Structure formats: C-alpha cells, structure tokens
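Some notes on the structure that comes next.
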Amino acid sequence: MQVTTSGNQGSSIRQRVTLTLVPLIAVILTVTTIFRNELLDALGWLKRPVDSKSDSCPSGYFRLEGMKDCMPWLSCEMIQSEVAVIEPIGQGAVKQVGSLYFFDA
C-alpha cells in the first residue's frame, strides 16, 4: 500500500515553482532596468538644443537645424497654411510621417 501526503506534494510543487520563478523574475527586472537606462541615455540628444553654441529658444518657441530664428509653436491653423508635405515617408496606426517644407516668412 502506497501512502502519499498531498500536503507535502503541494508544498514541494510550490517550492519548485517559487525557486524557478523568482530568479526568472529577477532576471527580467534587471534586463528591463538596464534596457530602460540605456534607452534614456540614447535618447538624451532629444533634450539638447539644436545649436549648442547659442542659447535655446524660449518656452513656446522652436528652431530646427538650419533655422536662424526661433518660431512660435505651430497651431493647427499655422500647420494648414504654412507647412507643405513634400513627400510621404510612412505611416503608423495613429500618425503619418512625411518630408515637409515650412514656409519661413
């Protein structure tokens, strides 16, 4: 006659699952943290001004590479009247990307 204790089997299975999942979760969290930090460092150039020799534009204004003056942020009306799409590049689920021409007055 074989005697099994279901309490010991349940605790043994729980131990194996815990011993397997805890290191796996630790590895996933470590990799995620490293990836996040590397990504933030890689995207650090987004925070720098375009022309490091001169001051950046004041709040509410922008300047692209090659532009001398700071321009006010574009409203929908300004985009419709002062920006022309030269060539569509691609599109995603919620946005379209294209090469644009800004009529710099």
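What FRET efficiency do you get for Phe62 and Ile25 if R0 is 41 Å and r is their Cβ-Cβ distance, rounded to the nearest 0.05?
Working: r = 43 Å, r/R0 = 1.04.
After rounding to 0.05, the efficiency reads 0.45.
What full-extension length gain, to one decimal in nm, is calculated for Gln91 and Thr32 as 0.36 nm per residue of separation minus the Cα-Cα distance?
Working: separation 59, 0.36 × 59 = 21.24 nm, distance 2.81 nm.
Extra length from Gln91 to Thr32 when fully extended: 18.4 nm.
Rule-based calculations on the coordinates, nothing more; no lab input. These numbers come from a predicted model, not from an experiment. Backbone-built Cβ (ideal geometry, glycine too); neighbour counts: all protein chains shown.
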